[in-house]
Amino acid sequence: MKRILLSTIIIASLLTAFACQPGGGGDKVKVGVFMSMTGDTANFGISSVNGIKMATDEANAAGGINGKQIELDVQDDRSDPSEAATIVTKFVTQDGVNAILGEVASSRSIAAAPIAQNAKIPMLTPSSTNPEVTRKGDYIFRSCFIDPVQGAAIAQFAARTLNAKRAAIMVDRKNDYSTGLEKFISQTFTKLGGQMVVTQSYQAGDQDFNAQITSIKGANPDVIFVPGYYGDVALFAKQARDKGVAAPLVGGDGWDAKQLFDIGGKSVVGSFFSNHYSPYDTDPQVQKFVNDYKARYNSIPDALAATAYDAARIMFDAIKRANSLDGKAIRDALAATKDFPGVTGKVTFNENRDAVKPIVMIEVKDGGIYAVKERVMVEGAAMPVLTATPAAAGTPAAAPASPTASAKPSAKPAASTKPSATPK
């Protein structure tokens, strides 16, 4: 009996060990997703999860990955970096995920990346643009552009398209996204012959910008850079216009939410921000994505939905090419990704595991229409050659409405102006 019991234990142990091996006998591909489904950047997280779920259902309907169905484990990090780290720790120590998608916010991706790196589980962020994210290790990837390129595009647009010579900038000193963009905007604008005449600081959630606006108005800038989050931007714009500041505002992809116009109204009309894509792009692939998303969620997909949809498809494609659930095999397949046909443009990972892809500049028009103004080619950046005529794209097809930030309400009001971490 002892021998039989011992043999049974040994066999059970071997079967358990085999089942736990990446690429073992399981019939599922387990993908962990950590996003801000509640909290101050919930709109972004919900949009991203919507895009990931849509990509997953499409893949599963087509047979899954090498005959295995994809199983998502979606977790809400509540817009909190420490919670993001806790979730990813559970992914790699208890849940046995084969790959990880997340986060939107750079601060939360930075908090989680070392954990995925140490476990040698590939992690792909769809929209964290701070350069530090992928510096956390060779298992960490991003499928969006990075802040140096985005910041350069914003500054180049202001200098060349808006012919600005004097600039002011508003920066959230406690926000990695905002401070990162400030650095690259200032460097590029100055390099192009512009002058940064005043820099003012604020903190996410501030309600009164009177002191900063007084200083900015006195400096008489041609343009005001506001690399921040849509709620803060909208409030600042309203107060600036009320005090007679007419200079156009220019910012980054943290502006991309319906609430920018809902809160700011006419105060943000005539302002511009950089982005990953536009739902009004006439490319057939983009329009198919937009129509499918609208049919599923009854809303127009914002850039976060598009980047997350692309990220999921890129990850699934890499797992398929790896033909294995082994972390290193998937990592190597991700690194070899070239010209992946995403709805946000063709994606190639460079040696730093950052995506090389185009940038569009969006103009906020009356009625909350977020229209393509032009495509910016950044000098000196590793960018693909675009065949579209840049400035000619400034008059987009008539748009039905501004992109909706999410199909579901967040746990906190969508118009919240206090992000706890970087939206990108």
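The table for this structure:
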item	result
Candidate set from region 263-284 (those that are in a helix (DSSP H, G or I) and modelled with pLDDT of 95 or more); member that is surrounded by the fewest Cβ atoms within 10 Å (Cβ to Cβ)	266
In region 309-336, residue nearest to residue 287 (Cα to Cα) [restricted to those that are charged (D, E, K, R) and under 22 Å from the mean Cα position of the chain (by Cα)]	310
Output for region 130-155, where each listed residue is surrounded by fewer than 22 Cβ atoms within 10 Å (Cβ to Cβ) and modelled with pLDDT of 95 or more	135, 136, 137, 138
Of residues in region 285-308 being under 19 Å from the mean Cα position of the chain (by Cα) and among the polar types (S, T, N, Q), the one surrounded by the fewest Cβ atoms within 10 Å (Cβ to Cβ)	299
Exclusive hit being touching a strand residue (DSSP E or B) at 6+ places or on another chain (Cβ under 9 Å) and either within 22 Å of residue 180 (Cα to Cα) or touching a residue at least 60 places away in the same chain (Cβ under 8 Å) (or both), set 87, 70	70
Residues of region 184-218 that turn out to be surrounded by fewer than 16 Cβ atoms within 10 Å (Cβ to Cβ) and in a helix (DSSP H, G or I), as a count	8
Single match in 99, 55, 42, 62 (criterion: assigned by TED's automatic domain parsing to the domain that holds residue 301, of a type in the set (Gly, Ala, Ser), surrounded by 20 or more Cβ atoms within 10 Å (Cβ to Cβ) and farther than 18 Å from residue 305 by Cβ)	99
Checking residue 81 against (1) in contact with a strand residue (DSSP E or B) (Cβ under 9 Å, 6 or more places away or on another chain); (2) modelled with pLDDT of 95 or more, the condition it does not meet	(1)
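A quick yes/no check of all residues on (1) touching a helix residue (DSSP H, G or I) at 6+ places or on another chain (Cβ under 8 Å); (2) among the aromatic types (Phe, Trp, Tyr); (3) in contact (Cβ under 8 Å) with a residue 60 or more places away in the chain; (4) at negative phi:
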position: 226; (1), (2), (3), (4): yes, no, no, yes
position: 244; (1), (2), (3), (4): yes, no, no, no
position: 253; (1), (2), (3), (4): yes, no, yes, yes
position: 270; (1), (2), (3), (4): no, no, yes, no
position: 273; (1), (2), (3), (4): yes, yes, yes, yes
position: 288; (1), (2), (3), (4): no, no, no, yes
position: 296; (1), (2), (3), (4): yes, no, yes, yes
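The values are calculated or read from the model by the stated rules, or taken from the named source; none is laboratory data. Because the structure is a prediction, the values reported are computed rather than measured. Cβ: placed from backbone, ideal geometry, glycine included. Neighbour counts: every protein chain shown.
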